[in-house]
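Below you'll find the structure, written out as structure tokens, and then a few comments.
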Amino acid sequence: MNAEATIDRRARLLELPPVLRGGFRPFFFLGPLWALVVVCLWVEAMAGAITLPTALDPLAWHRHEMLFGYLGAVIAGFLLTAIPNWTGRLPIAGWRLAGLASLWIAARLALLFSASVGPLTAMLLDVGFLLVLGLACAREVLIARNRNLPVVGVVLLFALAAAVDHAEAIGLLATDGLGWRGGFALVLLLISLIGGRIIPSFTRNWLMKQGRTGRLPTQPSRFDLVTIAVTAIALASWVAGLDVQATAPFLLAAGALQLVRMARWSGHVTFEEPLVLILHISYAWLPIGLLLLGQSLLVPTQPTSSALHALAAGAMASMTLAVMTRATRGHTGRELKADAITVAIYALVTLGAALRVAAPWLSLDYLLLLRIAGGLWGGAFLLFLCSYGPMLLCKRPDGRP
């Protein structure tokens, strides 16, 4: 594409509604909105107050929608925003972006009302969204001959995991939980891969800006590759349901290596800037969850739910909120500095995750603890929508796309 055509396309971006000018705008709004809806419906269904109109059992629906629904939206928003930076190409915007967002919405509604529309229709829409997203991103990366094609490949594997989860739910596959465990593991690997890039980089940039060059994060090395490899092996063993004695040591080793890895990123000196600190706190849930998961396999009395929620409500939710707040501020022309509401978002999601993880060990009413944890966690997403929603839906203050 020549320079004149590029300038013309950039000018045309300003003619679009702000919400359709970049992938982060619709998906960073829709994802948290749906997460809030899912948590509220799930808590009420658990209490027996409502009956969900889905063909799936409530737990399977809740798990699928938080994993492939909410996280699918956040992954879409992240990739559609990151790929133009990776490739130098203009973002997917306008009618193509509107089509992707509409397909995601249709999939969410089809899953929720699958008792009426049918599970096969829901499956086609749900998997179709992830496939279209993956292929659209692959096209952009291949045209630019960019090195990040493996990251895009994870999206296609994520689509496969979603398809398996649907097939298991409607009886087409006899496996038990292979789909959601596969999708779960892929997201954790993305956190390990991308988190390992952005956290030390953002920390280093912030420290250098402060003139504090004495203790900078270490550069990526073979140790990082070994840590990611051990984590991948551990998660693959867990997904495949291999022997406990073979899987648990890998999970424990992966958790320990991830703790050492993040200790090399100088997170303890970032308390002055919550926008950076939250990245370290979010990543810390990954080794905690891996260690708890390994322990739960070796000690049957230890609840697996705590390990899974450390990884989901902890690592996945807090990391996505950390990335969404930072990316939204940066791409809408705001200062990269956390205000009081942003700090409250981080505090609520962290406290909600911590309470959900600790709930099985506390001598209090379990359902009450789930409601409080859900309220804290949901409060984080509500605050995000109230504070960051206008940034996502409205024009930049400086008038740029």
State yes or no: is P249 open to solvent by 50 Å² or more (accessible area, probe 1.4 Å) and either over 23 Å from the mean Cα position of the chain (by Cα) or within 24 Å of S318 (Cα to Cα) (or both)?
yes
Is it the case that R400 is at pLDDT below 95, closer than 30 Å to I92 by Cβ and surrounded by fewer than 17 Cβ atoms within 10 Å (Cβ to Cβ)?
yes
Failed item, numbered, when E65 is tested on (1) charged (D, E, K, R); (2) open to solvent by less than 20 Å² (accessible area, probe 1.4 Å); (3) farther than 21 Å from V187 by Cβ
(3)
Meets criteria (within 26 Å of M66 (Cα to Cα) and either open to solvent by less than 20 Å² (accessible area, probe 1.4 Å) or without any contact (Cβ under 8 Å) to a residue 12 or more places away in the chain (or both)) for A284
no
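Please return the ranges of helices (runs of 4 or more DSSP H) entirely within segment 299-393 where 3 or more residues are touching a helix residue (DSSP H, G or I) at 6+ places or on another chain (Cβ under 6 Å), modelled with pLDDT of 95 or more and open to solvent by less than 40 Å² (accessible area, probe 1.4 Å). Before you say what the answer is, go through the steps one by one.
On the way: elements: 304-309, 317-331, 340-358, 366-393.
Ranges flagged: 317-331, 340-358, 366-393.
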Lone unmet requirement of (1) open to solvent by less than 40 Å² (accessible area, probe 1.4 Å); (2) at pLDDT 95 or above; (3) more than 30 Å from T247 (Cα to Cα) for V141
(2)
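Being closer than 21 Å to V239 by Cβ and aliphatic (A, V, I, L, M) is the requirement here; does A161 meet it?
yes
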Residue in segment 197-215 that is surrounded by the fewest Cβ atoms within 10 Å (Cβ to Cβ), counting only those that are of a type in the set (K, R) and not in a helix (DSSP H, G or I):
R215
Would you please name the residue that is surrounded by the most Cβ atoms within 10 Å (Cβ to Cβ), looking only at residues in segment 23-60 that are under 23 Å from L190 (Cα atoms) and in contact with a Ser or Thr (Cβ under 7 Å, 6 or more places away or on another chain)?
F28
Looking only at segment 350-392, count how many residues are among the charged types (D, E, K, R) and without any contact (Cβ under 8 Å) to a residue 24 or more places away in the chain.
1
With the first residue restricted to segment 114-127 and required to be buried (at least 16 other Cβ atoms within 10 Å of the Cβ), and the second required to be among the β-branched types (V, I, T), Cβ contacts under 8 Å at 6 or more apart or on different chains are S114/T54; S114/T121; P119/I170; M123/I170
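The values are calculated or read from the model by the stated rules, or taken from the named source; none is laboratory data. In this text the structure is predicted, and so the values were computed from the model without any measurement. Positions of Cβ are backbone-derived with ideal geometry, glycine not excepted, and every protein chain shown enters the neighbour counts. Quick note on the areas: whole protein, heavy atoms, side chains included, nothing else; ligands and nucleic acids left out. Shrake-Rupley method; radii C 1.70, N 1.55, O 1.52, S 1.80 Å.
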